Amino acid sequence: MKHQELSATAHALVAKNKGILAADESTSTIGKRFAGIKLDSTAENRRLYRELLFTTPGANDYISGVILYDETIRQSTKAGSSFAAYLSQHGMLPGIKVDTGAKPLAGFAGETITEGLDGLRERLAEYGKLGAKFAKWRAVIDIGAGIPSAYAITANAEGLARYAALCQEAGIVPIVEPEVLMDGGHDLQRCEQVTGAVLDSVFTHLFAAGVYLEGIILKPNMVIPGKKCAQKASAEQVAEATLRCLKRHVPAAVPGIAFLSGGQSPTEATLHLSLMNAAGPLPWTLTFSYGRALQEPALLAWGGQSGAFTSGQQALFKRAKLNGLAAVGSYKTSMESTAA
């Protein structure tokens, strides 16, 4: 029965026209975002901003689930409903970030290992009681001179597999997020090579850990040249390279792939997703699990001003709708000026 429930939840997260809102920024990360609009990062301001996102009228037409942060899953709407309960009541599954961040990998300069396995079984039990139906763990792989090392890839893949197994034991769907960063000067080909090696290692370790693939969601990066690369890639090249990489390395048993935006602009992230979905039948659903690429327009439209609450919600709805269209390959850049 547990496998059936895990599979049902995973499929609900990648339902047609829908994707996932990542609202799991740490307190320090959201503090930096708030600094950009000159807003103090108080607990109440963070709560208010998350309420703006979660209570956006019509958002549930395009958002299947929301990834929360530890602070956020314990907060409530102004009316007194816990965020997890509010989301569930409005057809959006509540999820939770459970890793404790990427830390320097001892003996491997410039590389990191994601921590958070200690006590995870107990934390998952608590989050389940708080309403979480799925979880997220992010492993970070950087590309640079001599990196990533095979050891860093293996260590992070093993961590993802141990996390995923613990989630499924608790009846919670794991989002498996191996992110190859788009920082640096590497080209498209190098990103594809590293992303493929990372995905191979991740699925090798998921198999070894006995993880039920039909009950996970993969959250990878798209294959994109580094920000400092002189040779830019067209949107079509990004879509083509990403699909080629995924087809080679992701088993068809996985229900869905929900991309991270990874520093892309909102319009780039939407266009790349749409081009991939327009390319033809795929063995898994391709959708979005965007943070900044969904939130940035809403945050700027709101600006921390009480009179602009509705404007912030309208901006989020527009991006959610456009990404919902991209999830079925129907987005066109001309919609940016016309979508309500």
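Values quoted throughout were computed directly from the atomic coordinates according to the rules given, and no laboratory measurement underlies them. Predicted model only: the values in this text are computed from it and were never measured. Please note: Cβ atoms are built from the backbone with ideal geometry, for glycine as well, and neighbour counts cover all protein chains shown.
Descriptive notes on the structure:
- Of all DSSP beta bridges in the chain, antiparallel share, percent nearest 5: 15 percent
- Cα-based Rg of the range 2-328 normalised by 2.2 N^0.38 Å, two decimals: 0.93
- In this structure, the amide hydrogen of LEU93, modeled 1.01 Å from its nitrogen in the peptide plane, lies closer than 5 angstrom to those of GLY65, VAL66, counting only residues at least 5 positions away or on a different chain.
- Neighbourhood charge, 14 Å Cβ-Cβ cut-off, centred on THR9 and excluding it, Lys, Arg +1 and Asp, Glu -1: +2
- Comparing GLN264, GLN193, GLN313 in a Gaussian network model of the chain (Cα springs below 10 Å), the most mobile by mean-square fluctuation is GLN193.
- Within the listed set CYS229, CYS167, CYS191, the residue fluctuating most in the Gaussian network model of the chain (springs between alpha-carbon atoms under 10 angstrom) is CYS229.
- Considering only alpha-carbon pairs that sit under 8 angstrom and 6 or more positions apart, the relative contact order computed for the range 179-327 is 23 percent.
- Neighbour net charge for PHE34 - beta-carbon separation under 11 angstrom, K R +1, D E -1: +2
- Relative contact order of the chain: 19 percent, from C-alpha pairs under 8 Å at least 6 residues apart in sequence.
- Compared with the rule-of-thumb size 2.2 N^0.38 Å for a compact globular protein, the range 1-90 has a Cα radius of gyration ratio of 1.20.
- Built amide H within the under 5 Å cut-off of TYR290, gap 5+: ILE20, ALA22
- Measuring nothing but alpha carbons in the range 66-205 and taking Rh as the Kirkwood radius, the Rg to Rh ratio lands at 1.05.
- Cα-projected label distance for GLU236 with ALA43, points at 7 Å along beta-carbon direction, nm: 5.4 nm
- Separation between Cα centres of the range 187-210 and the range 45-65, rounded to whole Å: 33 Å
- Computed over the chain with a Gaussian network model linking Cα atoms closer than 10 Å, the most mobile of ALA308, ALA135, ALA298 is ALA308.
- Packing rank of 75-87, 250-262, where each peptide gets the mean count of other beta carbons within 10 Å, highest leading: 250-262, 75-87
- With 27 Å as the limit on Cα-Cα distance, the pairs of LYS227/LYS332; LYS97/LYS332; LYS16/LYS38; LYS227/LYS247; LYS18/LYS247; LYS2/LYS219 that go past it are LYS97/LYS332; LYS16/LYS38.
- Local electrostatic count at ALA230 - Lys and Arg +1, Asp and Glu -1, tallied over other residues with Cβ under 14 Å: +3
- Using a Förster distance of 35 Å, the FRET efficiency for ALA252-THR29 (Cβ separation, nearest 0.05): 0.50
- Remark on TYR331: its backbone amide H falls under 5 Å from those of ALA326, a criterion applied only to residues 5 or more positions apart or on other chains, H modelled at 1.01 Å from N.
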